[in-house]
Every structure is written in C-alpha cells, then in structure tokens.
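Chemist: I have a structure I would like to understand better, so I am pasting it below and will then ask my questions one at a time.
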Amino acid sequence: MLTLTRRRGDVGRVFLAGILALLCCISPARAEDGHDLWLRYAPVGPSKVEGYRSALGNVVAPDRTPTQRVAREELRRGVAGLLGSEPRFRASPAGDAALVLGTPTSAPWLAPLVHELEGLGDEGYLLRRTRLDGRDALVVAARRDIGVLYGVFHLLRLVQAGASLDGLDVSEVPRVKLRLLNHWDNLDGYVERGYAGASLWDWHTLPGWEDPRYTDYARANASIGINGTVLNNVNADALSLSPAYLRKAAALADVFRPYGIRVYLSARFSAPMELGGLDTADPLNPDVRQWWRTKAEEIYALIPDFGGFLVKANSEGQPGPQDYGRTHADGANLLADALAPHGGVVMWRAFVYAHDVPEDRAKQAYNEFVGLDGAFRDNVVVQVKNGPIDFQPREPFHPLFGAMPRTPLMMEFQITKEYLGFATHLVYLGPLYEEVLRADTHARGPGSTVARVVDGSLESHALSGIAGVANIGDDRTWSGSHFDQANWYAFGRLAWNPNQSARDIAVDWVAMTFSPAPDVVAPIVAMMMGSREAAVDYMTPLGLHHLMARGHHYGPGPWVVGGPRADWTSVYYHRADRDGIGFDRGTRGSDAVSQYAPAVARTLDDLAQVPDTLLLWFHHVPWQHRLHSGRPLWGELVHRYTRGVAYVERMQATWEGLRGKIDAPRHAHVAAFLRIQRDEAHWWRDASVAYFQSINGLPLPAGEAPPPHPLAYYQSLQFPYAPGDGR
Ligand code: GCW
C-alpha cells in the first residue's frame, strides 16, 4: 500500500513537472521580480530577430577606457538578451555591415563626423544609419565616451520597444547640465521619506565591499541620463564629511565614475564646529572659511571629480548662516569659494520657512530669496521645490521660478511619494512633472516656461539643474513597487529634456518594463496617465493641500490641529468653517498671488479665471459657490473624492484584464498593491467627507454614499510605525 502510494506520488510529481515545464514554455511572460528594472532585455519577437541581428550582430567598439568598456558590455548584454545570441566584436568595420561605437578619437572611422559631433557637447550623441568606407553601418557616435554610453542605452531602448532601425538618424543633447538624484539616506541606513526599504548604501561595509547593486544602480541611472547623486540626507549628519565617511563615498564614486555619475554630499552647515572643534560656523569667520577650504582639498584628494555640496540651512531646525545674522547668500558663497578651485558647485536649497514668521508659509521662500538675486557666486545654484509648500499632489509652480533672473535655479522634484500614497499607490508622476515644467511664468512674456527657467535658456545661464528626491532602497524592486520605477525613469528622461511628453516616456517605460505588445502598452499607459489626477481627487481635490496625517503623512488628517507649529497643521491650510473653505492667497488675502508675474497673478486672483484645480489654494470660497461644472463647491468636492476612488477601481479592472500578459509574480504584486490603494482611496474619501461634513453640516449630494464610520473612528486611527517618518 505504502509503495503504491509512493509510486502514485512519483507519477503525480512527474506529471506536474511536465505540466509546469509546458506552461513555462507557452507562458507569454517569464516570471520576474522587477529587479532588472527597464533593462530586462527580454527577447524580441522571433519575426524581428533577423532584422535586428543584421544591424547589431557585428560590433566595432573600443575598450580602452572604463566607460568604453561599460558601453561595450552593456551592448553585449542587451544584444544577447534581446536577440538570443552574443554579438561578434571585431577590430574594424571592414567586411559585413557593422555597428560602430565610439568617438572620433576612439574609433577613427568616425572621423568624418567630427564637425557634426561638435554641436553635441560633452554628453550628446548621434545614432545614425550611414555608410562608412562604402559599407552599411549603424553608428553610435559622440565627442566623449559618456555620450557613446548614453547612445548605446538609447539604441537598446529602441530595440526593446520594437522600433525599426531603418534610416535611423537621431541626435540628442541634454538640455540640463546637472541631472541629479537626492538621497535622503541617513548614515544608519534609514531613509527619510523612503518606502523602498533601507538605504542602498551599506556604509558599514564600505569602502571594503562594493555591492554589485551599486553598479546596477549606476547602469540604471546612466540609461536615463542621470549624471550625479547626492548620497546623504539634506538633514545632514556632519559625519558624512569625516575622513572615514569620505573614503566610503570615494568608493561609491569609483563605482559610478565609468557611468558618468558624480558624487555629491549634503553638507551640514555647522560641520566646522562638530568636526573641526571651532566654536562658530559663522560664514564670515576666517577660521570657518579656512576649515571649509581644507575640507574641500581633502575631499578632492579622495574624489577628484567630486560634484559639490547640497545644503539645507535654516529650515526645519537645520543650522545655517542666519544663526549668525548672515544671509543665505553668505552661507552659499562660503562653500562656493571653498569648492571653486576644484570646479565644484553648491546647490543651496530654497525650502526655507519659519514658524515664528507670521506670514503665509507659501510666501516665505520667495520673500527670503528674491532679494538675494545676483548675490550668489557663479558656482551656486538655488534649488527650489516645484511648488511653494511641499511636494503636494498638486501645487502651483513655485513663484521663485522666473523671479530670480540673475541666479540659476534648479528644480527639486520628489520621486519618492511622501504625499502621494507611499509605494503602494500607483501614481505616475510624469504628468505632475510635465505640468510644472510646462507652466508659464510669464517672466519674460508668454512662453517663459518653468522648463526654460530650469534649463537655463530663459536667462542664458551656463549652470542648470534638476534634482529628484530618490525613491530607491534595498527592496528587490528598488523603488518599493513595480510602478514606482516609472517615476525614477520619467524623472531621468525629463531631466535630460524637460520638454518631453510624460505619455511618450510612459510608452517607452511600459514597453521595456512589461512588453512592447500594443495590447499591453495601451491599457497600462492609459491607466498611468490618469493616476496622478485620481490621487489628487481622492486626497486633496480642487487645490486643497497638506491634509495628510501628522508626521509620517500616511493617510488623511484634515483635522490635524495644535502641536508645535501652526504651519504643520491641516487646519492652517484648508481653513474650513461653516461658511466656506480654502486659503485666501488673493490680493485681499495673504497676497501670495502677487509673487507671480502680473499676467499669472491676475488669473490666479480672479475667482472666475483661476483654474478649478487650484481654486482652494488661492481662494476661500463659500460651500455654495458654483464651479465650472455647474455643481456647488460642496457637491463638486464630494464628486471628486468619489471619482478618485472609482478611477482606482477601474485601474484594478484594467490590471485584471492583463492577467496572462504580464508574468504572474509581478501581476500579483501590482494587483495586491492596487487593492491596498483602493482601500486607502476609500479611506481618504470617507474620512475627508466625514470631516468636512462635520464642519459645514451640509447633507451629502444625492447619490453619494455616506462614510461607513463616524468621524471619530477615522480620527482615532494611529500608525506609529508608518515608514519614512523624519527623525
Ligand atoms: O517634505 C518635507 C519632509 C521632510 C524633509 C523636508 C525637506 C528632508 O517632510 O522629511 O526633510 O521636506 O525637504 O527638507
């Protein structure tokens, strides 16, 4: 009996194994965990292999420098994965058609292109189907090795998307000089506002152990043109500048260098006291100035291409020049002078506000900085968040953009979704970035977009930059979820060229991350494109802002009141009472509108013209006020909360329809996160409706479901270990 059972079991197992093997072969998608990001290099369809092989099968690529070697290796990896066989590397393009990589110096066959390449700067590249020595060739050419690497990634992207290489003729030049990630990573491995696990940097084992993930991080960033990374939190620990930690940073810099990525550090303004034993950090004190000069020399001895410092000063408790009665310009210039001999830059943050200033918080950064225009050294960039408050689901563009013509202003976006549902909500940030970059400041008349301020073209600045607060950690997916990878990706692509379309970028990302099949790309892109607006709807519609729970910002907290400072409460921002809701920032209110150029200010100030999307940001409005939809404000508000939830339910249905077209593990992961998002979108809607109804006493509009719990229930929820909280 026993033997028989065992035999039956064996037969069963063999049968099961057979079925599984069969399923693996016929399954449209291999099982994946997302770790390969958009660089999966999954096989192209059989019908395409031959065509691509004739263009990419024979490669001529130099391998003398580290960057040449990584370009060559990336190409090898890509071709092997996509086409199923290794390319043949050859010494010269003689013979069959070839793919030729290089610069006119590293690949002499490209000499005829030398003049054309001149206009591409240090990082641009050319992809072209052409004839070299009378033979068909595909060239990836640039003035510098790094341009060639960028070109290789572009070429592989085209193949991943299934694009034709016939007649290829593309030239690309980045429009922005500094394209940086900002890591808010602490030295103990905790990531402030991080939802993707612990820091990728294992400071303890550095510099002895260089985790291979550091290389993959560099590959991923180079593939989207990111050329710098600030390793540590802006709430900085002075220890990052100590000799031991500088050696660790230098090890990372060594890994990143071949990929064109420079290392930067957040500098704590009081480091001369904490590390140097001085009794002041006054920027005009000669000992302090000497301390920073010596520190810069020490850093450059270890990291010859060190990028520079990022500084958060006199904001949220951080030390700064104002502690000594000096200005932000004095502080920035102190560091700029220390770095200048070595070619480093200072990115001085404008995220500055003080709770003891009885002024609308949205106005404070502008008030602090606008008068300092022209007072900064040439190697200083002022880094400005996209909006005047703090990375909310929607904000108007920051009024400093366009208001400091003599100072290069760098954009700071948040990629990590502190206020947008953490990693579990599917919110594609491409449309948010695009909305801000395309906004017209009118600083020099119509067409003075934020993108033109940031890329330096509006005022002809040599320095320009875009930074994104990273969403990267040690999670297998890198970003905490599969779809959050798209935000890292879109950030990089827009930093390269802020005029690109968020939709086009999403198309590329989906093709590379999931599949180029149109019946996969179209529904996913459609779902992504509306996802940010949906989050605005279920969290903070019509210009509401800063209504998240206190501290960790997880979930709704429109009732948050009291505590150490008014501008860290929700009631400060929504100002709801029995009669109406919204923050009056018009000319009769806080007058924040007047910080914008007159053409913009007029529109925002006028209740009839202000877009509904920013209504309650700029106006305090009666609950009965009619909106463009014809609904009264209260009806519109509830309508939008409900609409946001419904969108998430539609995303679930779309995703369900993709079952079988996406590999099972990733499909299940996304489906589970969408369920969390749906529940939390409901929670946001219900808690907000219950709260505002308790204030205005109005009945729910017809057809709207009442919140399932009383307000007190929502207010009682506590999440003491919600991730990412500042500490
Ligand atoms: O968005 C807020 C965050 C803080 C952060 C701060 C800043 C690094 O809640 O955690 O601190 O902004 O940007 O400095």
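Chemist: Between S629 and V114, what is the label-point separation in nm under the 7 Å Cα-to-beta-carbon projection?
Modeler: In this crude spin-label approximation the distance works out to 6.4 nm.
Chemist: Dipole of the chain (Lys/Arg Cβ +1, Asp/Glu Cβ -1, origin at the Cα centre): which of A664, T67, A238 lies farthest to the positive side?
Modeler: In the chain, that residue is A664.
Chemist: Right, something else. Please compute the contact order of the range 46-172 in relative form: average sequence separation of alpha-carbon pairs under 8 Å and at least six residues apart, divided by the residue count, as a percent.
Modeler: 27 percent
Chemist: Under the definition of Cα pairs under 8 Å and six or more residues apart, what whole-number percent is the relative contact order of the range 178-513?
Modeler: Working: 674 pairs, mean separation 61.8, N = 336.
Dividing the mean separation by the residue count of the range 178-513 yields 18 percent.
Chemist: What is the dipole size for the chain, taken about its Cα centre, with +1 at each Lys and Arg Cβ and -1 at each Asp and Glu Cβ, in debye to the nearest 20?
Modeler: 1740 debye
Chemist: Give the lysines reachable from K363 as a straight Cα distance under 26 Å; neighbours fewer than 8 places away on the same chain don't count.
Modeler: K312, K385, K417
Chemist: Now for a separate question. Take the Cβ-Cβ distance between E210 and Q290 as r, set R0 to 30 Å, and report the resulting FRET efficiency rounded to the nearest 0.05.
Modeler: It comes out at approximately 0.35.
Chemist: Rank-order 481-487, 185-191, 419-425, 699-705 by packing density, defined as the average count of other C-beta atoms within 10 Å over each peptide's residues, highest first.
Modeler: Result, highest mean Cβ count within 10 Å first: 481-487, 419-425, 185-191, 699-705.
Chemist: Where does each of 538-551, 212-225, 312-325 land if you order them by average Cβ count within 10 Å, highest first?
Modeler: 538-551, 212-225, 312-325
Chemist: I'd like to know which of N285, T477, L83 lies farthest towards the positive end of the charge dipole of the chain, counting +1 on Cβ of Lys and Arg and -1 on Cβ of Asp and Glu.
Modeler: About the Cα centre, the residue reaching furthest to the positive side is L83.
Chemist: R0 = 35 Å: FRET efficiency of T613 with D188, Cβ-based, nearest 0.05?
Modeler: FRET efficiency, T613 to D188: 0.30.
Chemist: Same structure again: Taking the number of other C-beta atoms within 10 Å as the exposure measure, put L463, L120 in order starting with the fewest.
Modeler: Numbers: L463 18, L120 21.
Ordered from fewest to most neighbouring Cβ atoms within 10 Å, L463, L120 come out as L463, L120.
Chemist: Which residue, G447, I299, L494, has the largest displacement toward the positive end of the dipole of the range 178-513 when charges sit on each Cβ (Lys, Arg +1; Asp, Glu -1)?
Modeler: So the residue we want is G447.
Chemist: Using modelled backbone amide H atoms (1.01 Å from N, in-plane), which distant-in-sequence or interchain residues come within less than 5 Å of V230's amide H?
Modeler: L181, N182, H183, Y264
Chemist: Relative to the Cα centre, what is the charge dipole magnitude of the range 46-172, using +1 at the beta carbon of each Lys and Arg, -1 at the beta carbon of each Asp and Glu, and rounding to the nearest 20 debye? Numbers along the way, then the final one.
Modeler: Working: 16 positive and 16 negative charges, 69 e Å.
So the magnitude is around 340 debye.
Chemist: By per-residue mean of other Cβ atoms within 10 Å, what is the highest-first order of 590-600, 606-616?
Modeler: On the way: 590-600: 19.3, 606-616: 15.9.
In decreasing order of mean packing, 590-600, 606-616 become 590-600, 606-616.
Chemist: Are there any helices in the chain, counted as whole DSSP H runs, that stretch 27 Å or more along their axis by Cα and score at least 0.0 on average by Kyte-Doolittle, and if so which? If you can, show how the numbers build up before the last one.
Modeler: Working: long enough: 2-26 (36 Å, 1.10); 518-539 (32 Å, 0.70); 633-656 (35 Å, -0.48); 664-696 (47 Å, -0.47).
Passing helices, by number: 2-26, 518-539.
Chemist: While we're looking at this one, here's another question. State, as an integer percentage, the relative contact order of the chain based on alpha-carbon contacts under 8 Å between residues 6 or more apart.
Modeler: 12 percent
Chemist: How large is ³J(HN,Hα), in whole Hz, for each residue of the range 376-383 in order, when computed from phi with the Karplus curve 6.51 cos²θ - 1.76 cosθ + 1.60 and θ = phi - 60°, using x for Gly and Pro?
Modeler: With the stated coefficients, the range 376-383 comes to 9, 5, 5, 9, 10, 10, 8, 9 Hz.
Chemist: Shifting gears a bit: Report, in debye and to the nearest 20, how large the dipole of the range 178-513 comes out about its Cα centre when Lys and Arg carry +1 and Asp and Glu carry -1 on their Cβ.
Modeler: Rounded to the nearest 20 debye, it is 680 debye.
Each value in this text was obtained by applying a stated rule to the coordinates, not by laboratory testing. Quantities reported herein were computed from a predicted structural model and do not represent experimental measurements. Reconstructed Cβ throughout: ideal geometry from the backbone, glycine too, with neighbour counts over all protein chains shown.
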